[in-house]
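Before anything else, here's the structure in question.
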Amino acid sequence: MNIIICYDVRLTKRRNKLDALLESYGIRANYSVFELDIQERDFFSIKERISKIIDPKTDKVLFYRICKSCMAKSETLGEGKIFCPSDTYV
C-alpha cells in the first residue's frame, strides 16, 4: 500500500524521532512529508509508534492512502523525483 504521511510536530526532539521512524520505512518527499510503500500490518505498527511519539494536543499527523493507479499518474515540477514503488511502472 502507498501512504503519504504529512506532519506538523511542534518540538524538535519529537520531530526528530518521527523523522527517524519514517525514514526507516520510506523516502522524504518534502521537509514534513514522507512517501511509503508498506504492507497493511506495517501501517498499523507505524501508526501505533507515531502515537507514542507525538503530543496529540499540539501535533498533527495526516495519513493519505494512495492507490497504485493514482501513484502512476503522479507528476512533479522542478528537481523532485516521483516516488515509484517496486511493483508500479510509470
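Every number here is computed from the coordinates shown, using simple stated rules; none is lab data. Computed from a predicted model, the values in this text were never measured in an experiment. Cβ atoms come from the backbone with ideal geometry, glycine included; neighbour counts cover every protein chain shown.
Using only Cα atoms and rounding to the nearest 10 degrees, what angle (0 to 90) does helix 12-23 make with the longest principal axis of the chain?
The answer is roughly 30 degrees.
Counting only trypsin sites (Lys or Arg not before Pro) that are in a DSSP loop and have at most 15 other C-beta atoms within 10 Å, tell me the longest site-free stretch of the chain.
11-56
Next question. Could you name the lysines whose alpha carbon sits less than 24 Å from that of K60, not counting residues in the same chain fewer than 8 places away?
K13, K17, K47, K52
If exposed chymotrypsin sites (Phe, Trp or Tyr not before Pro) are those in a DSSP loop with at most 14 other Cβ within 10 Å, what is the longest stretch of the chain that has none?
Counting at most 14 other Cβ atoms within 10 Å as exposed, the longest clean stretch of the chain is 32-88.
Separate question: So which aspartates and glutamates can K57 reach, going by Cα to Cα under 12 Å and dropping same-chain residues fewer than 8 places off?
Cross-link targets: D8.
What's the angle, to the nearest 10 degrees (0 to 90), between helix 40-53's Cα axis and the longest principal axis of the chain?
Long axis of 40-53 versus the principal axis of the chain: about 30 degrees.
Just to be sure I follow the definition: excluding the sites themselves, where is the longest run in the chain that has none of the GluC sites (Glu not before Pro) in a DSSP loop with at most 16 other Cβ atoms within 10 Å?
Looking at the chain, 1-74 is the longest stretch - no exposed GluC sites (Glu not before Pro) with at most 16 other Cβ atoms within 10 Å.
In whole percent, what relative contact order does the chain give with Cα contacts below 8 Å and a gap of six or more residues?
41
Also, I was wondering about something else. If you compute Cα Rg over 2.2 N^0.38 Å for the structure shown, which of (i) 1.10; (ii) 1.05; (iii) 1.57 do you land on?
(i)
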